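Here is the structure we will look at.
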Amino acid sequence: MRGLFALLAGALFGAGLMISGMTDTSKVQGWLDLFGDWDPTLAFVLGGAIVPMLIAWRVAARQQRAILGNPFPTPSEPKIDPRLVSGAALFGFGWALVGLCPGPALAILGYGGSDAWLFMGAMVVGMVLHGALRPRIRGGAQA
Amino acid sequence: MIPMDWIYGLLGGLMIGSAAALFLLVNGRIMGASGILGSIVDATAPTWEKGLFIAGLVAAPAFYGLAFGFPETNLTANSGLLILAGLAVGLGTRMANGCTSGHGVCGISRFSMRGIVATLIYLGAGFATMLIGRHLLEVF
């Protein structure tokens, strides 16, 4: 049952990314290009996505558990550490280079050709690298 | 921007947020793309739930495209850029424990300080990278 709803959530996420235009890297780069031909679409996407989640967090606050019985994720400590700051900066740099973040990178795998797979391969290597370096990257809080 | 783009942006955004709300309220999980993929890569907690989420995320746009036509990705063909960007996104999102979906959509809506700060930083880094890379150095 959990798997079925995970599949549904993933599918709705993927369709939303595609309809919103966020699988088009030129729209993402256009949003980040404040000093060029600026494209505000991403602000509408993020704004639109936050609305259902504002409601969902309020509903979750009144429940003990999720519908399928899992406890809700506990809030992270409001701790801003060097790992969060440097990780987010590194992510923003890579995001702007080609206009892909992890969600859209997965969403275009089925039709984006070998370039989409090359990015995905490098992203997975970056994640593996993090796992390997993890003991050395200090000062991080668990999300 | 094509004048209708913001409507599709808003509609798609509402779908993304609804997907995150579904995953939270039904499964009790945060819908963060980098966290879900990363925990499968790390083999820390690979579950059917996560695998099927990824499967839906990959399959839905493919089926949508088969039915209505594939939109352009306008992805660069520059292998060096793709590899550098992929490495930075993979490593960075795992260090920060989240990306646009986890910190941006799920974090901001929870008024999470970490989510808000991370979002401001990756946006700032993205703006700076575009300014330097596209306008000052003209590399991409």
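Is it true that some residue in the stretch A:60-67 is within 7 Å of chain B (Cβ to nearest Cβ), over 20 Å from B:L81 (Cβ atoms) and polar (S, T, N, Q)?
Scanning the stretch A:60-67 turns up no residue that is within 7 Å of chain B (Cβ to nearest Cβ), over 20 Å from B:L81 (Cβ atoms) and polar (S, T, N, Q).
Scanning for something outside any loop (DSSP other than H, G, I, E, B), facing chain A (nearest Cβ under 8 Å) and among the small types (G, A, S), does the stretch B:39-47 turn up at least one residue?
no
I need the full set of residues from the stretch B:76-99 which are buried (at least 24 other Cβ atoms within 10 Å of the Cβ) and either β-branched (V, I, T) or not in a helix (DSSP H, G or I) (or both), in order please.
Within the stretch B:76-99, B:V89, B:T93, B:N97, B:G98, B:C99 meet the criteria.
Restricting attention to the stretch A:1-53, which residues are outside any helix (DSSP H, G or I) and hydroxyl-bearing (S, T, Y)?
A:T23
Yes or no: A:L68 of a type in the set (A, V, I, L, M), surrounded by fewer than 21 Cβ atoms within 10 Å (Cβ to Cβ) and in a loop (DSSP other than H, G, I, E, B)?
yes
Here is a list: B:H135, B:H103. Which entry is in a helix (DSSP H, G or I) and either touching a His at 6+ places or on another chain (Cβ under 9 Å) or surrounded by fewer than 24 Cβ atoms within 10 Å (Cβ to Cβ) (or both)?
One residue alone meets the criteria, B:H135.
Filtering the stretch B:41-57 down to residues that are surrounded by 17 or more Cβ atoms within 10 Å (Cβ to Cβ) and of a type outside the set (G, A, S), which residue is nearest to A:G113 (Cα to Cα)?
B:L57
Tell me, yes or no, whether the stretch A:84-99 has at least one residue that is under 14 Å from the mean Cα position of the chain (by Cα) and either more than 7 Å from chain B (Cβ to nearest Cβ) or in a loop (DSSP other than H, G, I, E, B) (or both).
Yes, the stretch A:84-99 contains at least one residue that is under 14 Å from the mean Cα position of the chain (by Cα) and either more than 7 Å from chain B (Cβ to nearest Cβ) or in a loop (DSSP other than H, G, I, E, B) (or both).
Of a type outside the set (S, T, Y), more than 24 Å from B:L24 (Cα to Cα) and modelled with pLDDT under 95, is that true of A:D37?
yes
Mind telling me which of the residues B:L22, B:L11 ends up being at the interface with chain A (Cβ under 7 Å from one of its Cβ atoms), surrounded by fewer than 17 Cβ atoms within 10 Å (Cβ to Cβ) and assigned to a helix (DSSP H, G or I)?
Exactly one of B:L22, B:L11 is at the interface with chain A (Cβ under 7 Å from one of its Cβ atoms), surrounded by fewer than 17 Cβ atoms within 10 Å (Cβ to Cβ) and assigned to a helix (DSSP H, G or I), namely B:L11.
Among (1) at the interface with chain B (Cβ under 7 Å from one of its Cβ atoms); (2) surrounded by fewer than 24 Cβ atoms within 10 Å (Cβ to Cβ); (3) among the β-branched types (V, I, T), which single condition is A:V45 missing?
(2) is the only condition that A:V45 fails.
Examine the stretch A:101-117 for a residue that is modelled with pLDDT of 95 or more, of a type in the set (D, E, K, R) and not assigned by TED's automatic domain parsing to the domain that holds A:I19, and state whether such a residue exists.
Checked the stretch A:101-117: at least one residue is modelled with pLDDT of 95 or more, of a type in the set (D, E, K, R) and not assigned by TED's automatic domain parsing to the domain that holds A:I19.
For the stretch B:114-124, indicate whether the set of residues that are facing another protein chain (nearest Cβ under 7 Å), touching a Lys or Arg at 6+ places or on another chain (Cβ under 9 Å), at pLDDT 95 or above and assigned to a helix (DSSP H, G or I) is non-empty.
Yes, the stretch B:114-124 has at least one match.
Does A:L133 fit the bill of being on the phi < 0 side of the Ramachandran plot and either facing chain B (nearest Cβ under 7 Å) or assigned to a loop (DSSP other than H, G, I, E, B) (or both)?
No: the conditions fail for A:L133.
Restricting the search to the stretch B:105-140, which residues are within 20 Å of A:M120 (Cβ to Cβ) and under 15 Å from the mean Cα position of the chain (by Cα)?
B:Y122, B:G126
The values are calculated or read from the model by the stated rules, or taken from the named source; none is laboratory data. Worth saying up front: this structure is predicted, and the values here are computed from it rather than measured. Because the Cβ atoms are built from the backbone with ideal geometry, glycine has one as well, and the counts that use them run over all protein chains shown.
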